[in-house]
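Below is one structure; the comments refer to it alone.
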Amino acid sequence: MIIYFYAMKYLLFFSLFAFSLKIQNTLTENQKIDKLILYIRNMKDVVFVRNGTDYKSGEAADHLQRKRKSVGDKIKTAEDFISKVASKSSVSGQPYMIKTKDGKAITCESLLRAELLRLEKRPDKF
């Protein structure tokens with residue numbers, strides 16, 4: 001329940017941040033992936049944990065972008081991106097985590113799935 005609360009808190013934050021953006025009614029899969037990476041990049045007061053090391057949100061977004069580029073056309077959908085690139089380390093198998101400043105943690109996968117659902121339901125609003 002606490003994890004859900006924090007995921008929704010960050011979704012609300014992003015919604016307010018993205019309020020002025022105009023996008024088409026239908027996003028391509030590449031646009032969805034771009035938006036998911038941007039969502040991570042714009043998160044404030046959080047730490048991205050990869051293989052036990054803390055990273056800033058911009059560093060996390062850069063890492064996910066590099067991983068995306070390295071897998072090339074194997075990633076066809078935003079769902080593929082989340083499950084094959086943005087959910088866990090390909091080296092250790094450990095899940096990527098997002099920690100809030102108060103120490104609460106949520107998997108990057110859960111956070112991105114919630115954001116993808118929001119994007120797919122209301123792409124015309126953000």
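Non-local amide H neighbours of residue 88 (under 5 Å, H modeled in plane, Pro and chain starts lacking H): which ones?
Those qualifying (amide H under 5 Å, at least 5 residues apart or on another chain) are 96.
Name the aspartates and glutamates eligible as straight-distance cross-link partners of residue 88: C-alpha to C-alpha under 20 Å, and not fewer than 8 places from it in the same chain.
34, 54, 59, 62, 73, 79, 80, 109, 115
Can you work out the Karplus-derived ³J(HN,Hα) for every residue in segment 73-87? Use 6.51 cos²θ - 1.76 cosθ + 1.60 with θ = phi - 60°, whole Hz, and x for glycine or proline.
With the stated coefficients, segment 73-87 comes to 7, 6, 9, 9, 10, 5, 4, 4, 4, 5, 6, 9, 10, 9, 9 Hz.
All of the numbers you see were taken from the coordinates with simple rules; none came from a lab. Everything numeric in this text was worked out from a predicted model, so none of it was measured.
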